[in-house]
Amino acid sequence: MDDDKESTGKSANGVVSPHSLILSQAVIGRTLAAPWKRLVAILLDMAIVALLSLLSGPWLGLATGAMLLVLLGNERNAPIAKKAVRWICRTLGAVVIALSVLALGHLPFLKERGLQLESLTGQHANAAREEVILVPPHATADELRTTAERLQRQVEALRKENENQRATAGSWLGQTRTLASALGVTFGWSGVYFTLLAGSLRGRTPGKLLFGIQALKTDGSAFTYFDAFVRHGGYVAGVAMGLTGFLKLLWDPNRQAVEDRIAGTVVVYAASSVTN
């Protein structure tokens, strides 16, 4: 009975099964991608991510919402737990998209000051905060009067800004700005980019397409959005490890870096490209 359960590749009673340890015959013998091509491909992808980061917060919200909608696929015979999590993600994604659409009319298309994170919140720089008011030495009465008036206007502008922030903190717009800020700082465009692009292109990104390489699942299953999401988590882990996890592909027999180990993938040449 136990042998029959093991032969199906499915776990029984919470014990280890060979389901996730299978190496597909469709993967064995494929030509591994050259490390330098993988490096240049990821650098190209990161350059695209940097350009995307110039977009204001709501655009990241829209992309994140789209990612949540497709993250766990549409498998009909999925376990009940997976279906429940899938609908939670879809609901959250729809909410994020709705909030982002509401914010689009209040924020600029691009960040106003390049890559500075402040513009992710939609809070425009107040001129009063940047104005420096100096009292010249030996100031005359007129100069002192002018300086006092400028200081009074500055204080009034800062007071109004503080009142506006308090008024909008609990509003839909304020919550949307907070959400956009959180997305930009904690997740960012890299997660959305690698999840949506690699998932929709079945293990490819623009950088990988340029060199004719792709990530494949070692068990021969289809590369999904969730695999792309997990693989991006491997990128984050690799950075946290001081990049040493990426260097492993230089000596690993199957050139698996940390993201490949985590996601169960190998990077090979596409069927039409088999040269090193």
With respect to GLY188, determine if the residue is at pLDDT 95 or above and surrounded by fewer than 22 Cβ atoms within 10 Å (Cβ to Cβ).
no
Answer residue from segment 36-45, given it is surrounded by fewer than 16 Cβ atoms within 10 Å (Cβ to Cβ) and touching a residue at least 60 places away in the same chain (Cβ under 8 Å) and is nearest to VAL239 (Cα to Cα) among those
LEU43
Can you pull out the residues in segment 60-74 that are modelled with pLDDT of 90 or more and over 15 Å from ALA198 (Cα atoms)?
LEU62, GLY65, LEU69, ASN74
Which of the numbered conditions does GLN123 fail, given that it passes all the others? Conditions: (1) at pLDDT below 80; (2) surrounded by 15 or more Cβ atoms within 10 Å (Cβ to Cβ); (3) assigned to a helix (DSSP H, G or I).
(3)
Restricted to segment 235-260, and to residues that are surrounded by fewer than 19 Cβ atoms within 10 Å (Cβ to Cβ) and assigned to a helix (DSSP H, G or I), which residue is modelled with the lowest pLDDT?
ALA240
Can you tell me which residues in segment 21-57 are within 17 Å of ALA215 (Cα to Cα) and at pLDDT below 70?
none
Checking the condition assigned to a loop (DSSP other than H, G, I, E, B), surrounded by 20 or more Cβ atoms within 10 Å (Cβ to Cβ) and in contact (Cβ under 8 Å) with a residue 40 or more places away in the chain, which residue from PHE223, PHE229 passes?
PHE223
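The values are calculated or read from the model by the stated rules, or taken from the named source; none is laboratory data. Model, not experiment: these values are computed from the prediction. Ideal geometry is used to build each Cβ from the backbone, glycine not excepted, and the neighbour counts take in all protein chains shown.
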